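This report refers to the structure that appears directly beneath it.
The values are calculated or read from the model by the stated rules, or taken from the named source; none is laboratory data. Remember, predicted model here, so these are calculated numbers, not experimental data. As a convention, Cβ positions derive from the backbone with ideal geometry for all residues, glycine included, and neighbour counts pool all protein chains shown.
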Amino acid sequence: MKSLTVSQASTYIKQLITQDELLGDIWITGEISNLRISTAGHAYFTLKDPHSQIKCVMFARSTGLNILENGRSVTSHGRMSFYETSGSLDLLVNIIISEGSGPLAMEFEKLKYNLDNEGLFEQSRKRHLPRFPRTIGLITRSLPIHDNVHRMSKSVVYIKTNIDSGMERKKTDFKKGDIAYFPT
């Protein structure tokens, strides 16, 4: 069995994608999300449907740049590109056509409407935040919690996470600045 380096594998993947006729001239329909426009006028966004998503890049000279909006359903034309340095697959969009509001945006607006009708957004239901909160929740997806914990450790007495490190102690066992990991 032959082993490839990461660079060799990346180069091979790029060649496959570049040589594929379908991926070199493709139309994709989806809903725009995570839209970001750079200072140079290039657009970076994600096209998604309920099951998948594709990262997209649209350069400033492309057709339809003015219709980009989060939640909008569009049909886009371009070519797939593999960026070897980061190992990312992107759709390089050169034309984009609006299809109206996407189903995910419409579902979100429906939920907002229903919650508003229940009165959940009324001013009377809103609570004032305390000037000095007793408890702060920090939700993170990975272990680099220590960056945030370090900043908080000077004033936080008790920190609870959902990371299972096998440590089991009672809340009373902690003193100011301690970090505790509890399984959920």
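Determine whether the range 78-92 contains at least one residue that is touching a strand residue (DSSP E or B) at 6+ places or on another chain (Cβ under 6 Å) and modelled with pLDDT under 90. No, the range 78-92 contains no residue that is touching a strand residue (DSSP E or B) at 6+ places or on another chain (Cβ under 6 Å) and modelled with pLDDT under 90.
Which of the following residues is out of contact with any helix residue (DSSP H, G or I) (no Cβ under 9 Å at 6 or more places or on another chain) and either farther than 28 Å from Ser7 by Cβ or assigned to a strand (DSSP E or B) (or both): Asn70, Asn94? Walk me through it before giving the result.
On the way: Asn70 fails: out of contact with any helix residue (DSSP H, G or I) (no Cβ under 9 Å at 6 or more places or on another chain).
Checking each option against the conditions leaves just Asn94.
Contact map, the range 3-22: first residue outside any loop (DSSP other than H, G, I, E, B), second residue acidic (Asp, Glu), Cβ cut-off under 7 Å, separation 6 or more or different chains; pairs are Ser10/Glu84; Thr11/Glu84; Lys14/Glu84. Against the list (1) within 23 Å of the chain's Cα centre (by Cα); (2) part of a strand (DSSP E or B), the condition Ser62 fails is (1).
Quick check on the range 23-59: of everything there that is assigned to a strand (DSSP E or B) and of a type in the set (S, T, N, Q), which residue is nearest to Glu107 (Cα to Cα)? Among those residues, the one meeting the criterion is Ser33. In this structure, Glu31 does satisfy being surrounded by 17 or more Cβ atoms within 10 Å (Cβ to Cβ), under 18 Å from the mean Cα position of the chain (by Cα) and more than 30 Å from Gln8 (Cβ to Cβ).
Looking only at the range 58-73, decide whether some residue is within 20 Å of Gln19 (Cβ to Cβ) and crowded, with 17+ Cβ neighbours inside 10 Å.
no
Of all residues assigned to the range 164-184, none qualifies as being among the small types (Gly, Ala, Ser), within 22 Å of the chain's Cα centre (by Cα) and either farther than 27 Å from Leu22 by Cα or at pLDDT 60 or above (or both). The number of residues in the range 98-120 that are closer than 23 Å to Gln53 by Cα and at pLDDT 80 or above comes to 3.
Regarding Ser86, is this residue part of a strand (DSSP E or B), without any contact (Cβ under 8 Å) to a residue 60 or more places away in the chain and of a type in the set (Ser, Thr, Tyr)? Against the criterion (part of a strand (DSSP E or B), without any contact (Cβ under 8 Å) to a residue 60 or more places away in the chain and of a type in the set (Ser, Thr, Tyr)), Ser86 does not qualify. Selection of the range 49-74 for residues being of a type outside the set (A, V, I, L, M), modelled with pLDDT of 95 or more and within 15 Å of Ile96 (Cα to Cα) yields Lys55, Cys56.
Just to be sure, is Leu104 assigned to a helix (DSSP H, G or I), free of Cβ contacts under 8 Å to residues at least 24 places away in the same chain and out of contact with any Ser or Thr (no Cβ under 6 Å at 6 or more places or on another chain)?
Working: assigned to a helix (DSSP H, G or I): yes; free of Cβ contacts under 8 Å to residues at least 24 places away in the same chain: no; out of contact with any Ser or Thr (no Cβ under 6 Å at 6 or more places or on another chain): yes.
So Leu104 fails the test.
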